[in-house]
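**Student:** If you scroll down you'll find the structure; I have some questions about it.
The values are calculated or read from the model by the stated rules, or taken from the named source; none is laboratory data. None of the values given here were measured: they were computed from a predicted structure. Here the Cβ positions follow ideal geometry from the backbone for every residue, glycine too, while neighbour counts run over all protein chains shown. Accessible surface is based on the protein model in full, side chains and every heavy atom, while ligands, DNA and RNA are left aside. Shrake-Rupley method; radii C 1.70, N 1.55, O 1.52, S 1.80 Å.
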Amino acid sequence: MGNMGKEHPVLSDEDVQRRLSAELPRWSLAGGCLERVYRTSGWRASLMVANTIGHLAEAAWHHPEMHLSYYATTVRLKTRKKTIGITARDFTLAKKIEDVVFWQPAKDDSPLRGIPEHKPQYKYLDYGDPPPED
């Protein structure tokens, strides 16, 4: 039945940094956690991002720390079950969060048009520059 009860080893800081560079370039290692700050257009947008992360965390049964401010939502992931530190569980949830929060249907050749780029008043999340290429 899935990954229930499977242990995941704590990753060294070097392994975390290597994986961040390769898999999650917009995330960082901060205070023993994987951390990401999502810049938003205001309070409602910060809440939408937080609710999205909350849904994914609950579905994964792996709960992050979050901090909301008017123009940002910060998420911090660390495994606290049996072992304490960053594990594959944290990377898996971070990738899912990144995929869902940054989903832009118009850029996926989707029939959904997404937020009109030519109308900045509808933009609610700072998608930033593309991640760095290796």
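**Student:** Among the listed residues 58, 23, which satisfies the condition of being of a type in the set (Asp, Glu) and either buried (at least 18 other Cβ atoms within 10 Å of the Cβ) or over 13 Å from the mean Cα position of the chain (by Cα) (or both)?
**Tutor:** 58
**Student:** Another question, if that's okay. Collect the residues in region 33-55 that are modelled with pLDDT of 95 or more, open to solvent by less than 50 Å² (accessible area, probe 1.4 Å) and not small (Gly, Ala, Ser), keeping them in residue-number order.
**Tutor:** Correct list: 33, 34, 35, 36, 37, 38, 49, 52, 53.
**Student:** Just for region 79-95: of the residues that are among the β-branched types (Val, Ile, Thr) and under 16 Å from residue 32 (Cβ atoms), which one is modelled with the lowest pLDDT?
**Tutor:** Filtering region 79-95 for residues that are among the β-branched types (Val, Ile, Thr) and under 16 Å from residue 32 (Cβ atoms), the one modelled with the lowest pLDDT comes out as 83.
**Student:** I've got another one for you. Could you please tell me which pairs satisfy a Cβ distance under 7 Å, a separation of 6+ or placement on different chains, a first residue in region 71-91 that is more than 12 Å from residue 7 (Cα to Cα) and part of a strand (DSSP E or B), and a second residue that is open to solvent by less than 20 Å² (accessible area, probe 1.4 Å) and acidic (Asp, Glu)?
**Tutor:** 77/90
**Student:** Which residue out of 29, 47, 56, 34 is closer than 17 Å to residue 98 by Cα, in a helix (DSSP H, G or I) and in contact with a strand residue (DSSP E or B) (Cβ under 8 Å, 6 or more places away or on another chain)?
**Tutor:** When all the criteria are applied, what remains is 47.
**Student:** Moving on to the next point. Would you check if there is a residue in region 102-113 being open to solvent by less than 30 Å² (accessible area, probe 1.4 Å) and touching a helix residue (DSSP H, G or I) at 6+ places or on another chain (Cβ under 8 Å)?
**Tutor:** no
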